[in-house]
1. Test S106 against the stated conditions and say whether it is of a type outside the set (D, E, K, R) and either farther than 18 Å from R153 by Cα or over 20 Å from the mean Cα position of the chain (by Cα) (or both).
2. Of the residues Y77, Y115, which is surrounded by 15 or more Cβ atoms within 10 Å (Cβ to Cβ), within 23 Å of the chain's Cα centre (by Cα) and within 16 Å of R155 (Cβ to Cβ)?
3. List the residue pairs whose Cβ atoms are under 7 Å apart, where the first residue sits in segment 82-100 and is in contact (Cβ under 8 Å) with a residue 12 or more places away in the chain, the second is hydroxyl-bearing (S, T, Y) and assigned to a helix (DSSP H, G or I), and the two are 6 or more positions apart or on different chains.
4. Mind checking which residues of segment 27-58 are in contact with a helix residue (DSSP H, G or I) (Cβ under 8 Å, 6 or more places away or on another chain), closer than 25 Å to F131 by Cα and surrounded by fewer than 16 Cβ atoms within 10 Å (Cβ to Cβ)?
5. Would you pick out the residues in segment 88-109 that are exposed (fewer than 14 other Cβ atoms within 10 Å of the Cβ) and either at pLDDT below 90 or of a type in the set (A, V, I, L, M, F, W, C) (or both)?
6. Does at least one position in segment 103-121 carry a residue that is among the acidic types (D, E), assigned to a helix (DSSP H, G or I) and assigned by TED's automatic domain parsing to the domain that holds M29?
7. Identify the single condition in (1) touching a residue at least 12 places away in the same chain (Cβ under 8 Å); (2) buried (at least 16 other Cβ atoms within 10 Å of the Cβ) that K9 does not satisfy, given that it satisfies every other one.
8. Restricting the first residue to segment 126-151 and requiring it to be assigned to a strand (DSSP E or B), which pairs with a second residue that is of a type in the set (G, A, S) meet a Cβ separation below 7 Å and a spacing of at least six or different chains?
Amino acid sequence: MKVDVTYEKPQVIQALRYHFIKKTEIRLMLILVNVFALFSAVMFAVKLITPLPFLMSSFLWLVMMVAFWFWLPELIYRKSRTFRDRFKVRIEDQHMFIDTEKGTRSWAWREFSTYFESPGFFHLYFDSRSFFLLPKDCFEDPDEMNEARKLMRARITGK
């Protein structure tokens, strides 16, 4: 099957947020900072600490949320030319091809280590840091998308 791929910035930013939140170390860090912020709020409320630790934990929480929700996705979007290009993706039984004006690139399905789905994208990972986003809205009908999903499930073994 062949699909035309274009990216829309708001959708890509949201997909990058899913990428970050899915990472175990980031999720753990967010949980710990939230627990610390709640703990300091309770301690402040019962007057066991001064306002400074409470304000510091609130500031740390705010900085982390801004970093993971706004700054990092925006930075990656700006650095990657792929999100501004238009290209065709051919999905075949053994390979996935990307056809651009500059040429063709192919990957055997075994080159992908894992994949997962977010509401708008298939996230195809080569390793923990390198991935390819395939928009779901590039498929013309749900049957094509289901066929691609089945192929990814069968061929990408690390899910």
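The values are calculated or read from the model by the stated rules, or taken from the named source; none is laboratory data. As the structure is a computational prediction, the values presented were derived from the model and not from experiment. In this analysis, Cβ positions are derived from the backbone assuming ideal geometry, glycine residues included, and neighbour counts consider all displayed protein chains.
1. Criteria met by S106.
2. Exactly one residue qualifies, and that residue is Y115.
3. Filtered contacts from segment 82-100: F83/Y77.
4. Of everything in segment 27-58, those that are in contact with a helix residue (DSSP H, G or I) (Cβ under 8 Å, 6 or more places away or on another chain), closer than 25 Å to F131 by Cα and surrounded by fewer than 16 Cβ atoms within 10 Å (Cβ to Cβ) turn out to be R27, M29.
5. Across segment 88-109, the qualifying residues are T100, E101, K102, G103, A108.
6. no
7. So K9 meets the others, but not (2).
8. Here the result reads L133/A15; P135/G120, each pair linking segment 126-151 to a residue that is of a type in the set (G, A, S).
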